[in-house]
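Trainee: Have a look at the structure that comes next, please.
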Amino acid sequence: MAIAERLPSRSRPDHRQANPRRHEDDLFQAFAATRSPDLREDLVRRFMPLARSLALRYRRRTESLDDLVQVASLGLVKSIDGFDPSLGFPFTAYATPTILGELRRHFRDHVWNLRLPRGLQELTMRIDRATDGLAEELGRHPTPTEIAARLNVTVEDVLDGIEAIHARKTRSLDSPSSQEEGSLTLVETLGVTEPGYDRVEAEAAAAGAELDDREWQVLRLRFVDQMTQREIAGVVGVSQMQISRISRRALGKLLTAVRGEQADDLITAAA
């Protein structure tokens, strides 16, 4: 009887533990041949730490870790289903870019409100990671120059990336402007009162007091009723040339009051 057979079961060496890579290769070979759901589940359990570690790279305040791990898990399953062990490459070399691609698509399609060019998307993620790392090392928020040195890019590239980071998420105009209960919505805080309108109306009203009845009548017929000068002349009972003079005089009074100066070109165009 062989020595290994005489050993108690607890004392027998576990060749799978002695060479886990060989056992994983055997699992992938068996899964490729059978596509067994049980084998797939076993492989998912074995490589979940890889998926979780990749999800942690993209952890941000705007996205929960559970959601990112779920996305990474989906990428892991796709990697297991698409991996070909006969090519001789390690599974992690195939799975890592597949999982990272799934995470990037998640951010592009579900997290960012504005679609950024792919190169800029990658830059913003690198800036996020570099910022977190430098902040932990320095004990403060890093400057754009320090981030640029860490990433080996220009400061202008970092500034563009930071601007893109702010553009990734937008706020609804209907969202509250503050955390206080009953606060105004964001859209209600955007408008401001323009005092210039009141000034123009007041000055126009003051100038209007200096117009005589005929001048007011001519302006009303011209700009409210949209009548021609010839038609106005027939209503008022004067010549068309007189209507032109009355219009110019009335407009001159109004524009002088509003602008504080004569505006002959505007008067000519309006008359």
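Trainee: List VAL69, VAL235 from most exposed to least, where exposure is judged by having the fewest other Cβ atoms within 10 Å.
Mentor: VAL235, VAL69
Trainee: Rank these for me by crowding, THR256, THR228, going from fewest to most other beta carbons within 10 Å.
Mentor: Details: THR256 16, THR228 12.
With the sparsest Cβ surroundings first, the list reads THR228, THR256.
Trainee: Karplus couplings for region 130-144 from phi (6.51 cos²θ - 1.76 cosθ + 1.60, θ = phi - 60°), rounded to Hz, Gly and Pro as x?
Mentor: 5, 5, 5, x, 5, 4, 5, 6, 8, x, 7, 6, x, 7, x
Trainee: Moving on to the next point. Once the Cα atoms of region 19-111 are picked out, what are the Rg and Dmax in Å?
Mentor: 13.8, 43
Trainee: Can you tell me the relative contact order of region 19-111? Whole percent, Cα pairs under 8 Å, sequence separation 6 or more. Can you show the working numbers first?
Mentor: Details: 76 pairs, mean separation 26.8, N = 93.
Across region 19-111, relative contact order equals 29 percent.
Trainee: Order of LEU50, LEU43, LEU184 from fewest to most other C-beta atoms within 10 Å? Please list the in-between numbers first.
Mentor: Values: LEU50 17, LEU43 22, LEU184 12.
Result, fewest neighbours first: LEU184, LEU50, LEU43.
Laboratory data are not the source of any read-out in this text; all were calculated from the coordinates shown. These numbers were taken from a predicted model, which means no experiment stands behind them. Glycine also receives a Cβ, built like all others from the backbone with ideal geometry; neighbour counts cover every protein chain displayed.
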